[in-house]
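Reviewing the structure listed below.
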Amino acid sequence: MSTRTTFCDHCGDPLSGPAHETCARRRELEPPRYCAECRRRMTVQVTPRGWTAKCVEHGMRTSP
């Protein structure tokens with residue numbers, strides 16, 4: 001299954017729009033808030049060991 005990245009996972013805007021350098025810098029410290037495939041707002045849980053983010057359509061993502 002391939003992951004198609006169409007939207008910014010921080011702000012939810014299309015990647016084909018304006019540059020997302022600020023979002024990329026923020027993502028170094030924060031978990032994703034939007035699904036990069038469908039733009040849905042994800043349920044995010046942050047713990048001392050990392051984070052999990054769940055999209056109802058595309059499932060769970062975890063911190064690296």
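Read-outs: derived from the displayed coordinates by stated rules, not from any lab. Keep in mind that what you see is a predicted model, and the values were worked out from it rather than measured. Cβ: placed from backbone, ideal geometry, glycine included. Neighbour counts: every protein chain shown.
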Study note, to complete from the structure: Which of (i) 5.1; (ii) 3.7; (iii) 4.4 gives mean projected area of the Cα convex hull in nm² as computed here? It is (iii)
**Study point:** Rough spin-label spacing in nm, given labels placed 7 Å along Cα→Cβ, for A19 and T62
**Key:** 3.5
Check your understanding: About its Cα centre, how strong a charge dipole does the chain have in debye, to the nearest 20, once Lys and Arg get +1 and Asp and Glu get -1 at the Cβ?
Key -> 180
Practice item. Considering the options Y34, F7, H20, tell which one lies farthest towards the positive end of the dipole of the chain, charges being +1 on Lys and Arg and -1 on Asp and Glu at the Cβ, about the Cα centre. Key: Y34
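Helix-only estimate, please: 222 nm mean residue ellipticity of the chain, summing -39500 (n - 2.57) across DSSP H runs of length 4 or more and dividing by its residues, to the nearest 500.
Numbers: 1 runs with 7 residues, N = 64.
One gets -2500 deg cm²/dmol as the mean residue ellipticity at 222 nm.
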Study note, to complete from the structure: Charge tally for neighbours of E37 with beta carbon under 12 Å away, counting Lys, Arg as +1 and Asp, Glu as -1, is +2
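What net charge do the residues around E21 carry, taking every other residue with its C-beta under 12 Å from that of E21, with Lys and Arg at +1 and Asp and Glu at -1? Let's see the in-between values first.
Details: positive: R25, R26, R27; negative: E28.
Overall, the nearby charge balance is +2.
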Practice item. Among R26, R41, R49, determine the one that fluctuates most according to a GNM of the chain built with springs between C-alpha atoms less than 10 Å apart. Key: R49
